[in-house]
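We did not get these values from a lab; they are worked out from the coordinates using the rules stated. Keep in mind it's a predicted model, so treat the numbers as computed, not measured. Glycine gets a Cβ as well: all are built from the backbone with ideal geometry, and neighbour counts include every protein chain shown.
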C-alpha cells in the first residue's frame, strides 16, 4: 500500500492510511527506513517522542487495526496486540513517508 497523501510542512510529513493519518518528523521517518535489518528499536524510539504519544492518545485502536489489515502481513491474533500495532503503524508510516520523499526528490532533480 502506498500512501495517498504526503503533506510537506517544515520538518513534518503526514502518512495517510485507511482510517487515519499520522504526522511524523522527517528525521524520525529516516530512522525507520533503513532496509535489511530489524527496526524495532528505532520504532520504539520514535513512538516515545511526545508528538507521537499525543497522536496515539487520540487514535482509535480499531482504526489502527483496520489500517494495518490490508497489508495482509499479520493474523487477526497478531492484530489484537495494540502495542505492537502502534509500532507496526509507525514503522510503515516512516517507510512510506521516506519512499514518497525520495520519489519527490528524484522528480525535482
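Worth pointing out:
- Computed E for residue 103/residue 56 - FRET, C-beta separation, R0 30 angstrom, nearest 0.05: 0.65
- Centroid-to-centroid separation of the range 76-109 and the range 17-61 [C-alpha atoms, Å]: 8 Å
- Relative contact order computed over the chain (Cα-Cα under 8 Å; 6+ residues apart), in percent: 34 percent
- Contour minus Cα-Cα distance for residue 75 and residue 48 (0.36 nm per residue): 7.2 nm
- Which of 26, 65, 57 has the fewest Cβ neighbours within 10 Å, and the rest in rising order: 57, 26, 65
- For the range 12-102, the equivalent ellipsoid built from the Cα gyration tensor has semi-axes of 19, 15, 13 Å, listed from largest to smallest.
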